[in-house]
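Asker: Here you go, one structure.
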Amino acid sequence: MLNGDGPGGGERPDRALELRNVDAAYGTITVLRGVDLIVPFGQVVALLGPNGGGKSTVLRVVSGLLPVTGGDVYVAGRRVNGAAPDELARHGVCLIPEGKGIFPNLSVRENLWMATHTGRPLNDIEEIAYARFPRLGERRKQLAGTLSGGEQQMLAMARALATDPALLLLDELSMGLAPLVVEQLYEIVAQVATEGVSILVVEQFARAVLGIVDWVGIMLRGRITNFGTPAAMEAELSTAYLGE
């Protein structure tokens, strides 16, 4: 449940998300170990590093899909330990998972209709979605499962953005997509950030995202080992983590 400030909390109007000394586990296997992370309002933060470091687990914790075993999670200054995913979604937390999470047997338009539960009319949702992703407008009657991988990712983003998220969580946006498509998608992410949405991006491939983020955290073996600006982190990413 949402718990207000909580012990040691306090309203922090500059922080859309804060993790304080967070631990998390799958059964008896500890995955996150003392993770500290801040996402300022209206900025883009990337968690980078090799697979298996715990990056996607951070998103599962923030979205309420995995409970913490230690530490605290704050969304807009409110302690949210134990909050259910639907409760967090009502408070503006929106996760686009790896694998896109669309309904393949529904049309593009029907997938967008699923976002009308927020109270926004379908016409408004479609107008915004097709303006941002013109290709979806051309394929509005097409089954989502027959779209290209890039188009499916566009649809997942369009549906998520229709909910007016305050905190957008993106998990491996580039997975399986051509570099040009990835570049286009991250241009949209940068544009969304200028509209006031706070964004936490998880990526294995640093080059895909470094150009649009404000802050970078390097994650290895369940810990954020370094945090700073893209320029400060680029050399370390190249030499220590990506082997470039």
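The values are calculated or read from the model by the stated rules, or taken from the named source; none is laboratory data. Note that the structure is predicted; figures quoted are calculated from it, not measured. Neighbour counts are summed over all protein chains in view; Cβ atoms, including those assigned to glycine, are modelled from backbone coordinates with ideal geometry.
Asker: Only one residue in Gly70, Gly82 is surrounded by fewer than 18 Cβ atoms within 10 Å (Cβ to Cβ), touching an Asp or Glu at 6+ places or on another chain (Cβ under 6 Å) and over 15 Å from Ala158 (Cα atoms), so which one is that? Talk me through it step by step, then tell me what you get.
Answerer: Details: Gly82 fails: touching an Asp or Glu at 6+ places or on another chain (Cβ under 6 Å).
Exactly one residue qualifies, and that residue is Gly70.
Asker: Go through segment 181-224 and give me each residue that's out of contact with any Lys or Arg (no Cβ under 7 Å at 6 or more places or on another chain) and at positive phi.
Answerer: As a first pass, look at segment 181-224 and keep what is out of contact with any Lys or Arg (no Cβ under 7 Å at 6 or more places or on another chain): 181-187, 189-201, 203-218, 220-221, 224.
Listed by number, the residues that qualify are Gly196, Arg221.
Asker: Name the single residue that is nearest to Ala129 (Cα to Cα) among those in segment 155-186 being surrounded by fewer than 19 Cβ atoms within 10 Å (Cβ to Cβ) and more than 15 Å from the chain's Cα centre (by Cα).
Answerer: Gln184
Asker: With respect to the numbered conditions (1) at pLDDT 95 or above; (2) crowded, with 21+ Cβ neighbours inside 10 Å; (3) not assigned by TED's automatic domain parsing to the domain that holds Pro40, which one is the sole condition not fulfilled by Ala129?
Answerer: Ala129 satisfies all of (1) at pLDDT 95 or above; (2) crowded, with 21+ Cβ neighbours inside 10 Å; (3) not assigned by TED's automatic domain parsing to the domain that holds Pro40 except (1).
Asker: Looking only at residues in segment 161-197 that are small (Gly, Ala, Ser) and modelled with pLDDT of 90 or more, which one is farthest from Gly211 (Cα to Cα)?
Answerer: Top of the filtered list is Ala166.
Asker: What residue, of Gly64, Gly54, Gly42, is without any contact (Cβ under 8 Å) to a residue 60 or more places away in the chain and under 20 Å from Leu167 (Cα atoms)?
Answerer: When all the criteria are applied, what remains is Gly64.
Asker: Given the criterion closer than 11 Å to Ala46 by Cβ and either without any contact (Cβ under 8 Å) to a residue 24 or more places away in the chain or assigned by TED's automatic domain parsing to the domain that holds Leu65 (or both), identify the matching residue among Leu200, Leu177. Walk me through how you get there before you give the answer.
Answerer: Working: Leu177 fails: closer than 11 Å to Ala46 by Cβ.
Answer to the check: Leu200.
Asker: Between a first residue in segment 96-117 that is touching a residue at least 40 places away in the same chain (Cβ under 8 Å) and a second residue that is of a type in the set (Asp, Glu), which pairs have beta carbons less than 8 Å apart while being 6 or more apart in sequence or on different chains?
Answerer: Pairs that qualify, where the first residue is touching a residue at least 40 places away in the same chain (Cβ under 8 Å) and the partner is of a type in the set (Asp, Glu), are Ile96/Asp171; Pro97/Asp171; Glu98/Asp171; Glu98/Glu172; Phe103/Glu110; Leu112/Glu126.
Asker: Which members of segment 187-212 meet the condition of being surrounded by fewer than 19 Cβ atoms within 10 Å (Cβ to Cβ), of a type in the set (A, V, I, L, M, F, W, C) and assigned to a loop (DSSP other than H, G, I, E, B)?
Answerer: Correct list: Phe205 only.
Asker: Against the definition (touching a strand residue (DSSP E or B) at 6+ places or on another chain (Cβ under 6 Å) and either charged (D, E, K, R) or under 25 Å from Val213 (Cα atoms) (or both)), how does Glu87 come out, yes or no? Let's see the steps before the verdict.
Answerer: On the way: touching a strand residue (DSSP E or B) at 6+ places or on another chain (Cβ under 6 Å): no; either charged (D, E, K, R) or under 25 Å from Val213 (Cα atoms) (or both): yes.
The answer is no for Glu87.
Asker: Here is a further query. Consider only pairs whose beta carbons are under 6 Å apart and that are at least six residues apart or on different chains; among these, list those whose first residue lies in segment 130-154 and is within 20 Å of Leu173 (Cβ to Cβ) and whose second residue is among the basic types (Lys, Arg) and not in a helix (DSSP H, G or I).
Answerer: Final answer for the pair search is Gln152/Lys100; Gln153/Lys100.
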